[in-house]
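Peer 1: First, the structure itself, so that you have it in front of you.
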Amino acid sequence: MRPTDYDNPETGENILRDTVAEKRKYNVLNVEDARKVTTLWLETIDLAGAVELGLPEIDDRYHVWRVPLVSRHAQERVGEVVIDAYTSLLQKDRSTAPDVLEARLLSRQPKDKKASASKKGYKPSYLRNTIALGNSAEILAELPEESVDLIFTSPPYFNARPEYEDYISYEEYLWQMRKIIRAGHRVLNEGRFFAMNISPILVRRASRNQSSRRIAVPFDMHRLFIEEGFEFIDDIIWVKPEGAGWATGRGRRFAADRNPLQYKPVPVTEYILVYRKQSPYLIDWNIRTHPNQELVEASKIEDGYEVTNIWRISPTYDKEHPAIFPEELAAKVIAYYSFKDDVVLDPFAGSGTVGLAAAKARRRFVLIDNEPRYVNLMRERAKQWLGKDAADVLCLNCAPISVDNLLL
């Protein structure tokens, strides 16, 4: 037997298979990597304290890692997590579902969701206006379950501009986005909506000998939403004025030469992808069972609303932030997908456009960003949105808002 053909007695890793993983350029290279991915998932479903991990094994025929899950109390196998070795993403359809895990841990069959659905009541949120500094996934994990009524955000670009090059690979970027979508599912109220402003991005070529690369980010995001328990509702097309996309440089070569094969249209659109948290209830249930029907009545949309999925809105620029979406866009999403006094969350809040639109629409906001200067900017702007009431904003990991010298 060659030295590379045995299991390491200290780590349990198969040395030969680790070599295969490196040769195939897997993102999950070893047992420790597989354990980290699995532990993170168990933490998001609040089962890390009840489950221990068996020895992960790599199945290089299907390019996956299989991680056994063992009951911490009974020391019996209760399930398995399957991880894509290339992307490090958990394969939800091949892994044991969280409700099945809970049932096995409690030594009973999974609940009949249809039977329990009829007993569920509408849960109004008691969160107050909040501005938080830090990692969105970590902060969302601290929010109460079903405490948010609408999520609207525009996530950071994947390496589209120098200021956004925070991700080692596109797969890591998608994994980070999956964590936000998963955490958003937990904090969203029954059957409520998650809308995301997203578009394909252009990765510029490094030299004249290379091609630029366009990545269809919205279609990968769609897969993540479906896998994380959301139902697709709509794809709204945000159309910008003609000429808005020329800054990308796309299409100039064709415009000069007119050669076939070089045609590349200038992008002047972005998507607003709208998803609903899967629910046994129809949307009508959210309307009928709302505890304050006066708010429902006051939230009705007036004439002049968008009747198609084509929204023509001019882009906005802010000297304080390199990439913001227009207040008009946020205002429409908030009006169409929430009631007055609802809680609207933006996990990538930036300069706080969602907070501004929410305040104007008589909604509460939860704004999260990991950049201190943007959080400080939102804290200052909250005084303009709320006046003296800005003093009541809950500030997490940052100083409270002072309104002592505010002139109204």
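Peer 1: Given Phe158, Phe219, Phe194, Phe232, which one is within 16 Å of the chain's Cα centre (by Cα), at pLDDT 90 or above, surrounded by 20 or more Cβ atoms within 10 Å (Cβ to Cβ) and not hydroxyl-bearing (Ser, Thr, Tyr)?
Peer 2: Just one listed residue meets the conditions, Phe194.
Peer 1: Looking only at residues in the stretch 325-348 that are without any contact (Cβ under 8 Å) to a residue 60 or more places away in the chain and out of contact with any Lys or Arg (no Cβ under 9 Å at 6 or more places or on another chain), which one is surrounded by the fewest Cβ atoms within 10 Å (Cβ to Cβ)?
Peer 2: Applying the filter and picking the extreme gives Glu328.
Peer 1: Of all the helices (runs of 4 or more DSSP H) wholly in the stretch 1-106, which have at least 2 residues that are outside the structural domain of Gly229 (by TED's automatic domain parsing), modelled with pLDDT of 80 or more and among the acidic types (Asp, Glu)?
Peer 2: 31-44, 98-105
Peer 1: I've got another one for you. Report, ordered by the first and then the second residue, all pairs with beta carbons closer than 7 Å, sequence separation of six or more or different chains, a first member in the stretch 385-404 that is not assigned by TED's automatic domain parsing to the domain that holds Ser136, and a second member that is surrounded by fewer than 17 Cβ atoms within 10 Å (Cβ to Cβ) and part of a helix (DSSP H, G or I).
Peer 2: Listed pairs, sorted by first residue: Ile401/Ala391; Val403/Lys388; Val403/Ala391.
Peer 1: Could I ask something else about it? For the stretch 38-86, give me each residue that is under 20 Å from Ile180 (Cβ atoms), of a type in the set (Val, Ile, Thr) and out of contact with any Phe, Trp or Tyr (no Cβ under 7 Å at 6 or more places or on another chain).
Peer 2: Thr38, Thr39, Thr44, Ile45
Peer 1: Moving on to the next point. Within the stretch 376-396, does at least one residue satisfy the condition of being surrounded by 17 or more Cβ atoms within 10 Å (Cβ to Cβ), more than 17 Å from Arg128 (Cβ to Cβ) and under 24 Å from the mean Cα position of the chain (by Cα)?
Peer 2: Looking for residues that are surrounded by 17 or more Cβ atoms within 10 Å (Cβ to Cβ), more than 17 Å from Arg128 (Cβ to Cβ) and under 24 Å from the mean Cα position of the chain (by Cα), one finds at least one in the stretch 376-396, hence yes.
Peer 1: Let me ask something else about it. Give me the pairs: first residue in the stretch 292-321 and at pLDDT 95 or above, second residue exposed (fewer than 11 other Cβ atoms within 10 Å of the Cβ), beta-carbon distance under 8 Å, and six or more apart or on different chains, which are they?
Peer 2: none
The values are calculated or read from the model by the stated rules, or taken from the named source; none is laboratory data. The structure displayed is predicted, hence computed values, not measured ones. So basically every Cβ, Gly included, is an ideal-geometry build from the backbone, and we count neighbours across all protein chains shown.
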